[in-house]
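Heads up, the thing below is written out as structure tokens.
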Amino acid sequence: MVLSRRTAALPKTTRVALTRIALTSLALAVLTLFLIPMVYGMTTAVKTDSQIAKAGAPWWPARERTFEYEGKEYDVYLVPIDGTIRELALYRPGRQSSWFVDPENPAAGPFEWQGQWRQLQRSWRLDIQWGNFTRAWNTINFPNLLRNTLMYAAITTFGAVLSAALVAYGFARFRIPGKNILFMVMLSTVILPGAVTLIPTYFVFLQIGWVGTWLPLIVPAFFSWGTNVFLLRQFFLSIPRDLEEAAQIDGASPLRIFYSIILPMSRPALTAVALFHFFWAWNDFFGPLIYLAGHPDKFPITVGLTAFNNLYSQSTNLIQAASLISAVIPIAVFFFAQRIFLEGVVITNFEK
């Protein structure tokens with residue numbers, strides 16, 4: 001109660017500044033939580049195999065430092081001497097005392113240090129293993145996986161946007177008996193769990209011989225999805241009818257109006273729907289796993305990475321490197337289309 005009174009007594013500019021600082025701090029905290037897994041994946045992808053298996057290794061990519069002295073390699077440790085920590089090479093280990101060599105002054109020769117060397121920590125130096133990406137690329141046959149995934153994402157995105165735009169145009173502009181009922185029936189398919197229709201759908205595709213091909217994954221995208229239709233319909237309703245009426249006076253058909261007026265004015269909404277579906281198709285795992293089982297040459301990246309993880313479960317660095325490679329194209333697509341995408345998300349409203 002006292003705190004709220006004190007806050008109310010502050011000047012308006014101070015309250016606004018404090019509010020901005022609090023919101024910015026909250027946003028930075030949330031951003032940090034989201035970035036932690038990404039930073040972990042990026043650092044793990046460029047680590048050595050020995051660092052991953054080594055207990056007490058640093059979180060950043062590094063290699064245990066060694067020093068060559070008189071033709072031999074010696075491990076370097078962090079040794080406390082006279083209140084400071086020095087990096088010294090273990091020349092001759094002992095129980096209560098050991099001999100070390102200073103890498104910065106090897107000409108001074110070995111000297112004795114009193115203490116148990118096993119309690120010392122190793123010295124690490126930065127060592128980024130960019131070759132992990134090459135190893136992952138060659139091991140997992142990425143060109144084939146990328147080709148399959150790009151084909152699946154591109155074709156289904158085109159089909160989903162085209163079919164959703166046509167259906168949404170019909171719901172937004174045409175007078176159809178029972179249109180509202182049909183629209184509610186279409187929206188009801190969104191809340192229907194996929195597990196309910198999985199077995200019947202699989203049985204139908206099995207009977208017509210489509211299992212083992214891309215057809216069960218590509219063809220349904222050309223019959224529109226309820227979420228995409230809903231978003232586009234709401235956007236089409238916000239477009240003024242004056243332009244359509246002027247085009248009708250000039251003799252334009254409904255398809256010409258759809259192609260020349262509706263689609264160009266709906267570019268932000270179409271881009272948003274296209275990106276939503278593209279990212280969904282790129283990350284789709286269950287569908288390809290079910291319908292492409294036994295055909296590894298047709299696997300997309302999601303299924304291919306799972307098979308790779310099972311074979312190289314101990315090579316965490318290669319798994320993370322392969323995951324980062326698979327994320328390059330979606331990140332690039334979003335980076336180049338983010339302005340139109342965000343514009344479409346903002347201006348796509350839900351008003352009739």
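The values are calculated or read from the model by the stated rules, or taken from the named source; none is laboratory data. Bear in mind the structure is a predicted one, so any value in this text is a computation, not a measurement. For neighbour counting, all protein chains shown are included, and Cβ atoms are generated from backbone atoms with ideal geometry for every residue, glycine included. The accessibility values were calculated without ligands, DNA or RNA, using every heavy atom of the protein model including side chains. Shrake-Rupley method; radii C 1.70, N 1.55, O 1.52, S 1.80 Å.
Annotation: Asp49 carries an accessible surface of approximately 80 Å², with a 1.4 Å probe and no ligand, DNA or RNA atoms counted. In terms of its C-alpha gyration tensor, segment 140-350 comes out prolate, because a/c is 1.5 or above and the ratio a/b outweighs b/c. Between the amide H of Tyr91 and those of Trp99, Phe100, Val101, distances stay under 5 Å, these residues lying 5 or more places away or on another chain, with hydrogens modeled in the peptide plane. Tell me, what is the FRET efficiency for Leu187 and Arg241 to the nearest 0.05, using R0 = 22 angstrom and their Cβ-Cβ distance as r? My answer for the efficiency is 0.40. What separates the Cα centres of segment 243-287 and segment 114-177 is a distance of 26 Å. In segment 91-160, Cα pairs under 8 Å separated by at least six residues give a relative contact order of 20 percent.
Scalar couplings 3J(HN,Hα) for segment 81-88, obtained by applying the Karplus form with A = 6.51, B = -1.76, C = 1.60 to θ = phi - 60°, are 9, 6, x, 10, 9, 10, 8, 10 Hz; x denotes Gly and Pro. Taking amide H atoms as placed 1.01 Å from N in the peptide plane, the amide H of Tyr74 lies under 5 Å from those of Phe67, Glu68, Tyr69, each 5 or more residues away in sequence or on another chain.
Close amide H partners of Arg86, meaning residues 5 or more places away or on another chain with modelled amide H under 5 Å apart, are Val79, Ile81.
The calculated FRET efficiency for Glu104 paired with Trp137, based on their beta-carbon distance and R0 = 41 Å, is about 0.55. Taking trypsin sites (Lys or Arg not before Pro) across segment 16-107, the ones in a DSSP loop with at most 13 further Cβ atoms lying within 10 angstrom of their Cβ are Arg95. Whole-Hz Karplus values for segment 26-43 come out as 5, 5, 5, 5, 5, 4, 4, 4, 6, 7, 4, x, 5, 5, 4, x, 5, 6 Hz, taken residue by residue from phi with 6.51 cos²θ - 1.76 cosθ + 1.60 and θ = phi - 60°; glycine and proline positions read x. In this simple spin-label approximation, Ile261 and Phe174 carry label points 7 Å from Cα along the Cα→Cβ vector, and these lie 1.7 nm apart.
Computed over the chain, the per-residue total of -39500 (n - 2.57) for DSSP H runs of n ≥ 4 gives a 222 nm mean residue ellipticity of -18500 deg cm²/dmol, rounded to 500. Would you mind getting me the FRET efficiency between Ala195 and Glu70? Use the beta-carbon distance for r and R0 = 56 Å, nearest 0.05. The formula returns an efficiency of 0.25 here.
In terms of accessible area, using a 1.4 Å probe and ignoring ligands and nucleic acids, Thr157, Thr201 rank largest first as Thr201, Thr157.
Report the longest stretch of the chain that contains none of the GluC sites (Glu not before Pro) sitting in a DSSP loop with at most 10 other Cβ atoms within 10 Å.
That would be 105-350.
Ligands, DNA and RNA excluded, the heavy atoms of Leu192 present near 90 Å² of accessible surface to a 1.4 Å solvent probe. Sequentially through segment 260-275, phi angles give Karplus couplings (6.51, -1.76, 1.60; θ = phi - 60°) of 9, 10, 5, 5, x, 7, 9, 4, x, 5, 5, 5, 4, 5, 5, 5 Hz, Gly and Pro residues having no value and appearing as x. Take every pair of alpha-carbon atoms less than 8 Å apart whose residues are at least six positions apart; their mean separation over the length of the chain yields a relative contact order of 20 percent. Of the listed residues Ser224, Ser123, Ser313, the order by accessible area with a 1.4 Å probe, largest first, is Ser313, Ser224, Ser123.
Order His277, His295, most accessible first, counting only protein heavy atoms with a 1.4 angstrom probe.
Largest to smallest exposure gives the sequence His295, His277.
Spin-label model, Ala293 to Val16: label points 7 Å out along the Cα-to-beta-carbon direction sit 6.2 nm apart. Sparse packing (at most 13 other Cβ atoms within 10 Å of the Cβ) combined with a DSSP loop state is found for the following chymotrypsin sites (Phe, Trp or Tyr not before Pro) in segment 257-334: Phe285.
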